[in-house]
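Have a look at the structure below before the remarks.
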Amino acid sequence: MSAVPAAPENPVPLPPATGAWREGDPPGRRRWYVAHQPLPLEAGGELPGLRLAFETWGRLAPDRSNAVLVLHALTGDSHVAGPAGPGHPTPGWWDALVGPGRALDTDRWFVVAPNVLGGCQGSTGPSSPRPDAGGAWGGAFPLLTQRDQVAAEAGLADALGIDRWALVVGGSMGGMRAVEWAVSHPGRTGALLLLATAAAASAEQIAWAGIQLHAVRGDPHWQGGDYHDTGRGPLAGLGLARRLAHVTYRSEPELQVRFGRLPQTSQDPWRGGRYRVESYLDHHATKLVRRFDAASYVVLTEAMNAHDVGRERGGIRSALARVTAPTLVAGVDSDRLYPLAQQAELAARIPSADHLRVVESPYGHDGFLIETGQVGALVRELLD
């Protein structure tokens, strides 16, 4: 009888079940706001207490008039600026905008960036301990809307003693929260910058998101969302969702120019190899599963699908009429996920808005993250 080959001594380790920040991980630059009172939820029920991770740059003025709120997109977090390091797996996602002499000049402005409620980088979300039971919230975490998330952020503002933000700025999902801030709390929003976002999620946006939700939930390791302490998470499903999403974040001309039909180096697509564009998507999927949580992806995607600033407010036109802050609305000319027509609607229906601004970029929806020179000019225009 032949001998059974021994297992390799150093097998490649699997990624953890979740890329979420969890208790015991390095805190990095995070601070925490803790609300001990339940948060009533728009969909019914309540969240029994919560905390938001947040980061700040600059110093709050004695009269507290120089605070700027920066709201991140779906897979962003509070780490807007600064290098990667313990507690922060990636560098700041808008690093070129925040710092001395930059558009958000930290010698002048006090910049605050929370990790959204339902997220996975220090704020209460599905990977957080459930207060009334053992283990993580998992699949029992409740449905959230943008209004719930803004209500939590208003609590953070109260805790910091900030009655009115000099500027609220956000793009994509962050833009959804920014417009909710201006509608829900017009007196607390001094100026408003909306980037690559919408007054309400469209049918096509919900459709793309729905496919991503099916990818995550169809992974055999999803386990109804209760995988956090099992050692195996729905990483394949999350990676598939990220691949699909990333195609919608970029533009077709950019992908064609960058990759065309070229094979990945030393690989033959006719013999099991990959095209370069496939390798590119694989790379982004691998990065995300190591720093994000699949259940947070589901919770935040569902919140984006629920976005409708006009709900229970007499419709979009009536809701946007509440905005009093000086407003700039900008879209990306090559954005196929949040097309310019959605930003044109915001600019037309917000009474205090200037004309629609267009960010010129080949990079599609991600242009609001990449074209920091053009975005910085809009920030300066509002603040100066």
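The values are calculated or read from the model by the stated rules, or taken from the named source; none is laboratory data. Computed from a prediction, not measured in an experiment: that's the story for all the values here. Neighbour counts are summed over all protein chains in view; Cβ atoms, including those assigned to glycine, are modelled from backbone coordinates with ideal geometry. In case anyone asks, the SASA skips ligands and DNA or RNA and just uses the protein heavy atoms, side chains included. Shrake-Rupley method; radii C 1.70, N 1.55, O 1.52, S 1.80 Å.
Things worth noting here:
- All positions within the stretch 76-108 that are more than 19 Å from the chain's Cα centre (by Cα) and closer than 17 Å to residue 119 by Cα: none
- Criterion: assigned to a loop (DSSP other than H, G, I, E, B) and open to solvent by less than 20 Å² (accessible area, probe 1.4 Å) - qualifying residue of 134, 119, 101: 119
- The helices (runs of 4 or more DSSP H) falling completely within the stretch 336-384 that include 3 or more residues that are open to solvent by 40 Å² or more (accessible area, probe 1.4 Å) map to 340-349, 372-383.
- A search for C-beta distances below 9 Å between a residue of the stretch 145-159 that is without any contact (Cβ under 8 Å) to a residue 24 or more places away in the chain and any residue that is hydroxyl-bearing (Ser, Thr, Tyr) and open to solvent by less than 10 Å² (accessible area, probe 1.4 Å), counting only pairs 6+ apart in sequence or on different chains, returns nothing.
- Extreme residue, farthest from residue 96 (Cα to Cα), among residues of the stretch 55-71 that are open to solvent by less than 60 Å² (accessible area, probe 1.4 Å) and touching a helix residue (DSSP H, G or I) at 6+ places or on another chain (Cβ under 9 Å): 60
- The lone exception for residue 144 - which of (1) open to solvent by less than 10 Å² (accessible area, probe 1.4 Å); (2) touching a His at 6+ places or on another chain (Cβ under 9 Å) it fails: (2)
- Boolean, residue 279 is out of contact with any Leu (no Cβ under 7 Å at 6 or more places or on another chain), open to solvent by less than 30 Å² (accessible area, probe 1.4 Å) and without any contact (Cβ under 8 Å) to a residue 60 or more places away in the chain: yes
- Residues located in the stretch 23-37, provided they are touching a Leu at 6+ places or on another chain (Cβ under 8 Å) and open to solvent by less than 60 Å² (accessible area, probe 1.4 Å): 33, 35
- Residue in the stretch 251-269 that is of a type in the set (Phe, Trp, Tyr) and in a helix (DSSP H, G or I) present: no
- Pairs are defined by a Cβ separation below 7 Å, a sequence spacing of at least 6 or placement on different chains, a first member in the stretch 261-273 that is over 16 Å from residue 283 (Cα atoms), and a second member that is of a type outside the set (D, E, K, R); the pairs so defined are 261/275; 262/275; 269/263; 269/275.
- Residue match in the stretch 77-90 (condition: of a type in the set (S, T, N, Q) and open to solvent by 60 Å² or more (accessible area, probe 1.4 Å)): no
- Among the residues of the stretch 320-335, those that are closer than 19 Å to residue 200 by Cβ and in a loop (DSSP other than H, G, I, E, B) comprise 321, 322, 323, 335.
- Look at (1) open to solvent by 40 Å² or more (accessible area, probe 1.4 Å); (2) touching a Pro at 6+ places or on another chain (Cβ under 6 Å) and you find that residue 207 fails only one, number (2).
- Residue, surrounded by the most Cβ atoms within 10 Å (Cβ to Cβ), within the stretch 241-276, restricted to residues that are of a type in the set (D, E, K, R) and closer than 30 Å to residue 121 by Cα: 242
- Residue in the stretch 202-218 that is at pLDDT below 95 and either within 27 Å of residue 362 (Cα to Cα) or of a type outside the set (Val, Ile, Thr) (or both) present: no
- Going through (1) assigned to a helix (DSSP H, G or I); (2) of a type outside the set (A, V, I, L, M, F, W, C); (3) surrounded by 24 or more Cβ atoms within 10 Å (Cβ to Cβ) one by one, residue 139 falls short only on (3).
- Any hit, the stretch 47-54, residues being open to solvent by 40 Å² or more (accessible area, probe 1.4 Å), under 17 Å from residue 144 (Cα atoms), at pLDDT 95 or above and under 21 Å from the mean Cα position of the chain (by Cα): yes
- Every residue from the stretch 285-305 that is touching a Leu at 6+ places or on another chain (Cβ under 8 Å) and open to solvent by less than 30 Å² (accessible area, probe 1.4 Å): 285, 288, 289, 292, 294, 297, 298, 299, 300, 301, 303, 304
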